[in-house]
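Remarks on the structure that follows.
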Amino acid sequence: MFTKFHNRQKGFTLIELMIVVVIIGILAALAIPRFMTATTKSKQSEAKQILKQIYTMERTYRQANDTYSADLDEIGVEIMAGAKYAYTLVADANTFTATATANLDDDGTDDVWTIDQTGTLTCTSNDVTG
């Protein structure tokens, strides 16, 4: 009786490995920009939260003093040491504008948020889409 022996090697061919590498590369090219955008958007929540706090504290200060203040410490807002944004406050007796500015992804475009005495929160320059 004659039997044939097949010499079968186990493993992957170079072509199969190259196809897997190409697929992983395509998936990474699609996923990494979306991940970076989501990360940057999450950093914007700091500005929104602190600007809303400034608005609330300014309204409280005005109730007590009949004027707005241009001093964050005077209205009781303390900015944490590791804050990503720089905060400025401009005020007179009847109006105020608080501004948060940061360059979140080092691309030359600043992310700028403002809030005023009416509570209107506005993104004047978006670093996520900028």
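Applying the selection to segment 78-114, what residues are hydrophobic (A, V, I, L, M, F, W, C), surrounded by 13 or more Cβ atoms within 10 Å (Cβ to Cβ) and touching an Asp or Glu at 6+ places or on another chain (Cβ under 9 Å)?
Passing the criteria: ALA83, LEU89, ALA91, PHE96, ALA98, ALA100, ALA102, LEU104, VAL112.
Name the residue, out of THR95, THR109, THR60, THR99, that is modelled with pLDDT under 95 and out of contact with any Cys (no Cβ under 9 Å at 6 or more places or on another chain).
After ruling out the rest, the residue left standing is THR109.
Does segment 68-122 hold any residues that are of a type in the set (A, V, I, L, M), touching a strand residue (DSSP E or B) at 6+ places or on another chain (Cβ under 9 Å), over 19 Å from SER45 (Cβ atoms) and in a loop (DSSP other than H, G, I, E, B), and which are they?
Within segment 68-122, just ALA70 meets the criteria.
Within segment 7-51, work out how many residues are assigned to a loop (DSSP other than H, G, I, E, B) and within 30 Å of ALA86 (Cβ to Cβ).
Of the residues in segment 7-51, 0 are assigned to a loop (DSSP other than H, G, I, E, B) and within 30 Å of ALA86 (Cβ to Cβ).
The values are calculated or read from the model by the stated rules, or taken from the named source; none is laboratory data. These numbers come from a predicted model, not from an experiment. With ideal geometry, Cβ positions are generated from the backbone for all residues, glycine too; neighbour counts draw on all protein chains shown.
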